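Single-structure report; data block below.
The values are calculated or read from the model by the stated rules, or taken from the named source; none is laboratory data. What you see is a predicted model; the values in this text were computed from it and never measured. All Cβ positions, even for glycine, are placed from backbone atoms using ideal geometry, and neighbour counts span all protein chains on display.
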Amino acid sequence: MSFNRQIGWKNAVFPRFFLAAPGQIAFIFRLIYMKKTKYIALAALMLAAVTFTSVAQTNIITVTNVVTVLVTNVVTITNVVASAPVGAPTPAVTADGAAATVKPVPQYPWESSVSAGLTLTRGNSHSLLFTGDYLTAKKTPQNEYSLGLGAAYGRQDAQDTVNNYKAFAQWNHLYSARFYDYVRADALRDIVANLDYRASVGPGLGYYLIKNDKTTFATEAGGGMEIEHLGGKYDSFGTMRLAERFEHKFGDRARLWQNAEILPQVDQLDNYVVNFEIGIESAISKSFSLKTYLDDSYQSIPAAGRQKNDIKLVSGISYKF
């Protein structure tokens, strides 16, 4: 009976064990499979993280490269600006990187001219008259500068008839488009009139009654100090000055001008000088022109034995530069 019980126990346990074994084995495999799946998933997550990090870093490097290219472009534009010729519009870079045109600085050059005239006669009379002038001027929105030199020499029948030299300089400072003050200096030497020298300097005020591209007409009033050596006598005194200047241009080919001034002695009004000039100029090319003008100088109290009035009518050629 004991043996049967043992056999019966074995018969009862072993079958159940073998019947349950497949399920237990499957459960163990499931546990192992789940752990492996976790490891695989974890490894996949780590690989994805590494891949994402690599992609992110690649993007950052790409942005850095773009910034570098932009900076290089800006430097290139700067080099173009530096190599631009003087006076020409130069490109610049605005805040958004676009090119902008910089306006050139306005230029106000000096405008100069040299004039010469010659008259020569032979036969019943022997005469020579030579004149030469140099004029230069510069105008800006705030200032106007003018300077002139002139000389004339004439001889007839072995006797000097004209022999004078003159110079002037004037600076106008504009407070508006029409109103200005000025400083002017004049010098004159006339050997035939027995005037060794006359020099004057002084300030004044001026106003453009007309001022446009074709016509200018200005009046001036001021005072000054004058020194002279006339007829072997030296003198110095204060003077007043009243003057006017007119110019009209006929297109780009011709112009008409006229100047006049009177300078009376302050404490002796019957002693005065009047200077008058009128002329016309016509262009024959871009640089050369023909010029004819009348120059009249009147001295109310001349040197002994001399005339009050000296008049010259001059025709010559002028070169502008």
Condition test on residue 139, is it under 35 Å from the mean Cα position of the chain (by Cα) and surrounded by 17 or more Cβ atoms within 10 Å (Cβ to Cβ)?
no
Counting only residues that are among the small types (Gly, Ala, Ser) and either at pLDDT below 95 or not in a strand (DSSP E or B) (or both), the stretch 250-282 contains a total of 1
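Looking at the stretch 180-237, which of the residues that are part of a strand (DSSP E or B) and polar (S, T, N, Q) is surrounded by the most Cβ atoms within 10 Å (Cβ to Cβ)? Steps first, please.
Initially, the stretch 180-237 is screened for residues part of a strand (DSSP E or B), giving 180-190, 195-211, 215-230, 233-237.
Next cut, polar (S, T, N, Q) only: 200, 215-216, 219, 236.
Working: 200: 22, 215: 13, 216: 16, 219: 14, 236: 9.
Of everything passing the filter in the stretch 180-237, 200 is surrounded by the most Cβ atoms within 10 Å (Cβ to Cβ).
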Would the stretch 229-236 turn up any residue that is acidic (Asp, Glu) and under 26 Å from residue 114 (Cα atoms)?
no
Go through the stretch 101-136 and count every residue that is part of a strand (DSSP E or B) and either modelled with pLDDT of 90 or more or more than 29 Å from the chain's Cα centre (by Cα) (or both).
21
Single residue of 256, 290 found to be of a type outside the set (S, T, N, Q), touching a residue at least 12 places away in the same chain (Cβ under 8 Å), farther than 19 Å from residue 217 by Cβ and assigned by TED's automatic domain parsing to the domain that holds residue 148
290
Scan the stretch 301-321 residue by residue and report those that are at pLDDT 95 or above and small (Gly, Ala, Ser).
318
Selection count where residues are surrounded by fewer than 17 Cβ atoms within 10 Å (Cβ to Cβ) and among the small types (Gly, Ala, Ser), scope the stretch 152-174:
3
Regarding residue 289, is this residue surrounded by fewer than 17 Cβ atoms within 10 Å (Cβ to Cβ) and under 34 Å from the mean Cα position of the chain (by Cα)?
no
